[in-house]
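Here the structure is laid out as structure tokens; the discussion comes afterwards.
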Amino acid sequence: MSDPERIVVRLRSHGRALVLPAVLLCGIAFGTTFALGRVDWPLWDLVVWSLALVLAVVLCAVPTLAWLSRRVVVTSRRVIVRSAFGGSRRDVPLSRVHDVTLRRQGLQAIVGSGDVLLSTGGEQPVTLADVPSASLVQRTLTDLVAMTPGMPRMEGASSVGSAPRLEDLA
């Protein structure tokens, strides 16, 4: 009998994705405060509040909810990529993963995040986009793939129990 499936880590993309919506929200609040009462038209304040609300929803709430809806769950047997807005869910069994690659671009190298690519053979690679502590995620996934039953043991792969704890990241 095999071991039960256990959750290794739950991840979202790096939190820096929320910096722009937060800055925009501050700008909208400043602009709204500045514009209120500036024009001698009875409906001006209503127009300013309505515009501020629409801008706050479109530029701040939607990106924040989109960030919250995307989640990656790594278990001892598979990787699950979920997006609630798109309604998509992709399960990738670790037994189908042949290679785990780390790609860092621009600011990702500075903040320690990156894209982790899971190559599954004939399909297009599954991308875990902009995950925090990407090198740790890559090492852990490599170890999990190496420990998957039916897969040859990769040289230099340590056991998951000796790897740093990803639970502290989530």
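The values are calculated or read from the model by the stated rules, or taken from the named source; none is laboratory data. This structure is a prediction, so every number in the text was calculated from the model and none was measured. Cβ: placed from backbone, ideal geometry, glycine included. Neighbour counts: every protein chain shown. Surface areas here come from the heavy atoms of the whole protein model, side chains and all, with no ligands, DNA or RNA. Shrake-Rupley method; radii C 1.70, N 1.55, O 1.52, S 1.80 Å.
Residue under question is Asp91, and the condition is that it be surrounded by 13 or more Cβ atoms within 10 Å (Cβ to Cβ) and part of a strand (DSSP E or B); does it hold?
Answer is yes for this residue.
Looking only at the stretch 65-95, which residues are of a type in the set (Lys, Arg) and at pLDDT below 90?
Arg89, Arg90
Tell me the residue from Leu36, Leu51, Leu25, Leu43 that is within 26 Å of Gly86 (Cα to Cα) and out of contact with any Leu (no Cβ under 6 Å at 6 or more places or on another chain), please.
Leu25
Among (1) touching a helix residue (DSSP H, G or I) at 6+ places or on another chain (Cβ under 7 Å); (2) open to solvent by less than 20 Å² (accessible area, probe 1.4 Å), where does Leu102 come up short?
That leaves (2) as the condition not met.
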